[in-house]
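Have a look at the structure below before the remarks.
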Amino acid sequence: MKLYFSMILLLIFGCIDDNNTLPTIDKYHIEANKFDKVLTIPELNISPEKLTVETNKIIHCADSALNKLTLLKDEEINFNSIIVELENIYYPTILLSNKLELIVNTNPNKSLRIISEILAEKLNEWSIKSGYREDIYTVIKKLEKKNPKLIGEDKKLFIDYLISYQRSGFELSNEIRNKVILLSLELSQLTTQFYRNIREYDSKIYLSKSDLVDLDVGVLDKFPLDKNGNYVINPTLYFQTSLIMENSSNEEVREKVSLASNSVAKNSNIALLNSIIIKRSKIAKLLSYSSWAEYSIESKMAKTPDKVKSFLMDLSSKLDLKFTNEIEILREMKVAETSDENAKINSWDVNYYENKLINQQFNINQEELRKYFSYDRVLMGMFEVFEDIFGLSITEIQPPFKWDESVELFLVCDAESQNPLGLFYTDMFPRDGKYKHFAQFDLISGRRLPNGQFQCPVAALVCNFPPKVQNSPSLLYFEDVETLFHEFGHVMHFILTRAKYPSNSGTNVPGDFVEAPSQLLENWVFDKEILDRFAQHYLDDTKTIPQDILDNLVRMKSATIGTDYRSQISYALLDIALHSEISEENHSNINELANNIISKYYLALPEGSAFIASFDHLIDYDAGYYGYIWSEVISDDMASIFQNSPKGYLDKEVGKKLRTEIYEVGDSRDINKSIEEFLGRKWDSKSFIEGFILSD
């Protein structure tokens, strides 16, 4: 249930060093007022004591406001006094939740992370209980009986509220709802612990110099050395493990790293995940659904697990021949390298032989290629590209507070009017205690405030790219560049919203569409004209990536697409299976079930591994991991509009349409309608099938 409410936000002014030339936020705050905008940032430089007081105050204020809502007389009940007011009442709790989540995942101060996690759990417990208040549902039902005449965003929001309460079990008995509340509270605690176990996992892999004797110096520079001269690899950092998996010719080393990276938090999280899945199953059945998968998918575009499984199985069958052929090509390479005619490709071999294939067949050396992708230049170049396409200006400004020295803050404005649109932080490099993957975090959701002004959104882009080393800047792999463009797509989706209500603004769209607007932007990195803007050799900026290399990058993507998608299909199918088959009555071994599915549709993981113990998408997507592939079908269809336009990916008119019909709208209207408005027709899978799956 997405519920929000308004509060007065503090605008934090920092003391800026006289030598610092970056503008401060106060200048733009004044400009924003001219456009009836509110440009604020959350107070992130905060003590545990003050954060505790803030949490208690926000909960108290929300309770008081909810209590007042239940005292309204019948003649006072209308859409604004009930639904809009609920949006207003819950808004600060969501902003606080966002802030706590960012602190937990990024702040170097462990004690602050711990108290933030405790407060987040308290807030979530309050949110669950307040969402089940019978007296609030009573006034909503009174409003429904009045049959208010609503249109557009108002009508959709009201319907969303009614559906949300219905899905929460308000048509069922109090006894059932009380059981659901109890299970939901238990779930909240378990999922918090699951995330914490991954984030705080600190086991390392130690490899000797002889283990990695065949790796280039440029690769070895990415690993610290311990006091004995051994290389230290963090199994939770993808860029480190992938370097080993792609470059080490020592199969024993690859298997060791694969086992470690697929066993993160194994001893603590398997039992937790089992409890989480069983409790979800209990909740679903109490709410009259056959499984959690049925409950979860009902609110998404796909609507039913059967439709999802049919979609995945159909795609898997289309990939059968391509997948088999790709694995055989890799196997033949292994036979040639090992002189073992009976050699077979294991899961820990795939990245290594794919990398060799790329080098040999496509003449692409990933280590050489990354010299064209200096982080700073890529970031600024990406900004310039989307400034042009979406009609924006992106300006770095002075953060009032940095939780790490590498953190930066950027302001997004409309280029023509200089109307401020929003802000986003960047936190791009790994460190101990930080979130391990790549994500856009919400901070302040865009919305129309009660006084008529528009609250500009604020986001944080949190990544883990290879940091700079002594002799060179941070150099990104091509895959990193794709990831950066992808995550920036989430930022654009969140920042450019114009929706009135926070429940429907930005990325608050169905879970199997939310990736499409960001997946779309990955296409830009395969365009020569765009790459030439920022992909210059870091030692010689007159050197750009040759066209034949770029052509080979496109061919390379098709060459391994069968293997890549089959792995994703296996993860999506295990997600559905766990949330369909595991229940209180069926105590199957969840790790065994998951590993069997991965083996059936992809390749077996190392014996004794537990991939699902750190597969956090099982928690936040909960039967929705299929959405990555589902939304890619849609994003490829949207990409075809750029591809078929005279100016290609630099077409500003198409970019403007993407901004207005997809990014600005959010979920303020049916998502199928938004897609149709952008495409000029209903979406289909033609571009996805023709452009990738059937290409050789």
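Just so it is clear, none of the values below were taken in a lab; they were calculated from the coordinates. Since the model is a prediction, treat every value here as computed from it, not as a measurement. So basically every Cβ, Gly included, is an ideal-geometry build from the backbone, and we count neighbours across all protein chains shown.
Tabulated data for the structure shown
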| read-out | value |
| --- | --- |
| Cα gyration tensor shape for the range 201-261, rounded if a/c is under 1.5, else prolate or oblate | rounded |
| Cβ-derived FRET efficiency at R0 30 Å, residue 150 paired with residue 129, nearest 0.05 | 0.55 |
| Amide H within-cut-off set for residue 421, under 5 Å, with H built and near neighbours excluded | 412, 413, 414 |
| The range 201-261: relative contact order in percent, alpha carbon pairs under 8 Å with at least 6 residues between | 36 |
| Spherically averaged projected area of the chain from its Cα convex hull (nm²) | 31.0 |
| Stretch gain in nm, segment residue 596-residue 387, where the contour uses 0.36 nm per residue and the Cα spacing is subtracted | 70.6 nm |
| Restraint check, 34/99; 256/468; 285/307; 371/600; 500/652; 27/156, Cα-Cα greater than 31 Å | 371/600; 27/156 |
| FRET efficiency, residue 540 to residue 114 (Cβ-Cβ, R0 41 Å, nearest 0.05) | 0.30 |
| Cut-off under 5 Å, modelled amide H: who pairs with residue 38 long-range | 454, 455, 456 |
| Estimated inter-spin distance, residue 163 and residue 657, nm [label 7 Å along Cα→Cβ] | 2.7 |
| Label zone at residue 203, where the point sits 7 Å out along the Cα-to-Cβ direction: the range 578-604 residues whose backbone N lies under 17 Å | 591-592 |
| Shape of the range 94-151, Cα gyration tensor, a/c cut at 1.5 | oblate |
| In Hz, Karplus ³J(HN,Hα) per residue of the range 493-500 (6.51, -1.76, 1.60; θ = phi - 60°; x = Gly, Pro) | 4, 6, 6, 7, 4, 10, 5, 5 |
| Ranked by how many other beta carbons lie within 10 Å on average, peptides 602-608, 288-294, 74-80 from highest | 288-294, 602-608, 74-80 |
| FRET efficiency estimate (nearest 0.05) - Cβ-Cβ, residue 437 to residue 341, R0 41 angstrom | 0.55 |
| 5 angstrom amide H check on residue 532, placed H, neighbours 5+ away | none |
| Spin-label pair residue 359/residue 288, simplified geometry with 7 Å Cα→Cβ offset, distance in nm | 6.2 |
| Assigned charges on the beta-carbon of Lys, Arg, Asp, Glu; the chain dipole about Cα centre (debye) | 2020 |
| For the range 351-360, 3J(HN,Hα) per residue [Karplus equation, 6.51 cos²θ - 1.76 cosθ + 1.60, θ = phi - 60°, Hz, x = Gly/Pro] | 5, 5, 6, 5, 5, 5, 4, 4, 5, 7 |
| Whole-angstrom gap from the range 328-390 to the range 40-66, using each part's C-alpha centre | 47 |
| Spin-label model distance (nm) - residue 186 vs residue 61, 7 Å beyond Cα toward Cβ | 3.5 |
| The range 595-660: trypsin sites (Lys or Arg not before Pro) in DSSP coil with no more than 15 other Cβ atoms inside 10 Å | 647 |
| Residue-by-residue Karplus 3J(HN,Hα) for the range 265-274, coefficients 6.51, -1.76, 1.60, Hz, glycine and proline x | 6, 4, 5, 9, 8, 5, 5, 4, 4, 4 |
| Net lengthening on full extension, residue 681/residue 251 (0.36 nm per residue, minus Cα-Cα) | 149.8 nm |
